[in-house]
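Student: Shown below is the structure under consideration.
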Amino acid sequence: MITKQKGTYDVYGLDAKKRKYVYDVIDAICEKYNYTYIETPIFEASELFHRSVGDSSDIVRKETYDFTDRGNRNITLRPEGTASIVRSFIENKMYGNLSEPVKVYYVGPMFRYERPQSGRTRQFTQFGFELIGSDDVLSDAEVISLSYNIYKLLGLDVKIRLNTLGDNESRNNYREALVNYLKPNIDKLCDDCKERININPLRILDCKVDKDSEILKNAPKTLDYLNEESLNRFNKLKEYLELMDIDYEVDTNLVRGLDYYNHTVFEVIANIKEFGNENVLGGGGRYNGLVEMLDGPSTPAIGFAMGLDRTILAMETKETKFDIKDNIDVYIMYGNDEEKETASYILQDLRLNGFIAETDYMNKQFKNQFKSADRFKAKYLIILKNDDLKDFKVTVKDNLTKEEELVNINDLVDYLDMKL
Ligand code: HAM
């Protein structure tokens, strides 16, 4: 038997219904915020991720699925969505008419070669959105507010973990101060951190191994290295978040794992005891340099992405309600070929008129068709009998009260519309 690959999974049955429900909630709220749906390819030129997510990020160094295709091209399965959206923004010249920011959202599979564990897989579904073309702090607040409200609508209690890296000048000053502080202490940190000090020193701040060490607790803080403009931005953002009643806390150790960020960085945190690191349901931030870095015109942008699998796991742990429809409107029953023919067009008619309708495809006896109807939790049964069909009538039975009525076939849609 061929089995699925490590770190991948099938989604079916109730899990698929839960996922569809979460999609629908997200879809609906994105439309309210006036974001439009976008799709980009699952594989891209490897160079795209080297230049955006960054050669110094853990993702590009250790986690990408890279291969050479039959045309000898270097290809990578996308580990995240932002780089592809920015590539598409540039390639399709969406910057042509930037009197409004481009606001897009996406959902789809992403691939990272990680050690699989609960809430962390090698293929996972990410939902994300990007706002490209505005540097206004209100757009930072909008992106955080949409991220926050998605979870609220899904019934989860979450908090925003917020920090700022400042502009390039602030970030560089901070990086220098951090390296100067860490270098004499680096032997006391883990092996990964010893490597990070040369390639990506900011990542040491959110090292999972050393997170409680005194060295990291006493490290210089990003906020102390912000220039005036960056500090004003950050203060303005906090003001907006308070006006919008968004629960947030500043965490100066939050730096995020991708290289493209500046100014605002944030994560959405669930407070679930058994979750550990998986409490980070999603993350995002501003990436004002990325469009230019990928050869587009200098364009500010900010965005967010969340893992759907982790979100659903959080909802299950918290026993949050999934609003799932698990019953059908009508089950059509028949006993012979002639009745079956009538069933075929009634079925067609009902479905085209918006009802969820089902029938028997297994040549079942009548009594077993009743059982099927119950399994489908049908609200109504339509029972076809030749005697009634002579008068163009069928029996409609309320499956709860067991009351029956003879209804003309031409009146079925109106009758069910009234009842359902
Ligand atoms: P990220 O923090 O790398 O950000 O990923 C966002 C979310 O994707 C994570 O918080 C987590 O929920 C989910 N995720 C990541 N890796 C895995 C995995 N192996 N298994 C399951 N879920 C996972 C980004 O990807 C950025 N593109 C976010 C962004 C958008 N920044 C600006 N715009």
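Student: What list of whole percents do you get for P(r) of segment 28-176, with Cα-Cα distances grouped in 5 Å bins up to the one holding the largest distance?
Tutor: With 5 Å bins starting at 0, P(r) equals 2, 8, 14, 17, 20, 19, 14, 6, 2, 0.
Student: I've got another one for you. Within the chain, which is the longest segment containing none of the GluC sites (Glu not before Pro) that sit in a DSSP loop and have at most 13 other Cβ atoms within 10 Å?
Tutor: Segment 40-318 is the longest.
Student: Still on this structure, please answer the following. Test of the criteria: in segment 1-52, which trypsin sites (Lys or Arg not before Pro) are in a DSSP loop and have at most 15 other Cβ atoms within 10 angstrom of their Cβ?
Tutor: K4, K6
Student: If you take every DSSP beta bridge fully contained in segment 330-419, what fraction is antiparallel? Give it as a percent rounded to 5.
Tutor: Antiparallel: roughly 55 percent of the beta bridges in segment 330-419.
Student: If you don't mind, there's one more thing I want to ask. Can you compute the helix-only [θ] at 222 nm over the chain? Use -39500 (n - 2.57) per DSSP H run of at least 4 residues, normalise by all residues, nearest 500 deg cm²/dmol.
Tutor: -10500 deg cm²/dmol
Student: Using Stokes-Einstein with the Kirkwood hydrodynamic radius over Cα pairs, what translational diffusion coefficient do you get for the chain at 37 °C and a viscosity of 0.692 mPa s, in µm²/s rounded to a whole number?
Tutor: 132
Student: Please report the net charge: other residues with Cβ closer than 10 Å to the Cβ of R310, K and R +1, D and E -1.
Tutor: Local net charge: -1.
Student: Anything over 21 Å Cα to Cα? Flag those among K183/K238; K377/K397; K62/K103, in the order listed.
Tutor: Checking Cα-Cα distances, K183/K238; K62/K103 exceed 21 Å.
Student: Then there's this: For segment 297-377, compute Rg over Rh where Rg is the Cα radius of gyration and Rh is the Kirkwood radius from the inverse mean 1/r over Cα pairs.
Tutor: Reported Rg/Rh (Cα atoms, Kirkwood Rh): 1.32.
Student: With θ set to phi - 60° and the Karplus curve 6.51 cos²θ - 1.76 cosθ + 1.60, what are the ³J(HN,Hα) couplings of segment 244-254 in order, to the nearest whole Hz, using x for Gly and Pro?
Tutor: Couplings: 8, 6, 9, 6, 9, 9, 7, 10, 5, 8, 7 Hz.
Student: Also, quick follow-up: To check my understanding: the extent here is largest minus smallest coordinate of the Cα atoms along each principal axis. What are those three numbers for segment 56-143, in Å, largest first?
Tutor: Here the Cα extents, ordered largest to smallest, are 42, 37, 25 Å.
Student: Over the chain, with the other protein chains present, what is the accessible area per residue in square angstrom, probe 1.4 angstrom?
Tutor: 51
Student: Identify the trypsin sites (Lys or Arg not before Pro) of segment 79-153 meeting these criteria: DSSP loop state and at most 14 other C-beta atoms within 10 Å of the C-beta.
Tutor: Listed in order of number, the matching sites are K93.
Student: Separate question: I'd like the carbon and sulfur percentage of the solvent accessible area for the chain, probe radius 1.4 Å, heavy atoms only, ligands and nucleic acids excluded.
Tutor: 47
Student: Under the Kirkwood approximation applied to all pairs of distinct alpha-carbon atoms, what is the hydrodynamic radius of segment 220-369 in Å?
Tutor: One decimal place: 21.1 Å for the Kirkwood radius.
Student: Just how far, in whole angstrom, is segment 241-287 from segment 331-396 if you go by their alpha carbon centroids?
Tutor: Each part reduced to its Cα centre gives a spacing of 53 Å.
Student: Thinking of segment 330-419 as a set of Cα atoms, what percent of all their pairs are more than 20 Å apart?
Tutor: Looking at segment 330-419, the distances longer than 20 Å represent 25 percent of pairs.
Student: A follow-up question, please. Share of Cα-Cα pairs in segment 203-305 beyond 15 Å, in percent?
Tutor: Summing the P(r) tail past 15 Å for segment 203-305 gives 72 percent.
Student: Sticking with this one: Kindly express, to the nearest 10 degrees and within the range 0 to 90, the angle between helix 168-182's C-alpha long axis and the longest C-alpha principal axis of the chain.
Tutor: 70
Student: How many percent of DSSP beta bridges within the chain run antiparallel, rounded to 5?
Tutor: 80
Student: Using only Cα atoms, find the angle between the long axis of helix 228-243 and the longest principal axis of the chain, and express it within 0 to 90 degrees, rounded to the nearest 10.
Tutor: 30
Student: Specify the angular offset, from 0 to 90 degrees and rounded to the nearest 10, of the alpha carbon long axis of helix 308-317 from the longest principal axis of the alpha carbons in the chain.
Tutor: 70
The values are calculated or read from the model by the stated rules, or taken from the named source; none is laboratory data. Remember, it's a predicted structure, so these values are computed and weren't measured experimentally. Counting neighbours? That spans all protein chains shown, and the Cβs are built from the backbone with ideal geometry, glycine included. When the accessible area is computed, the model is the full protein with side chains, heavy atoms only, and any ligands, DNA or RNA have been set aside. Shrake-Rupley method; radii C 1.70, N 1.55, O 1.52, S 1.80 Å.
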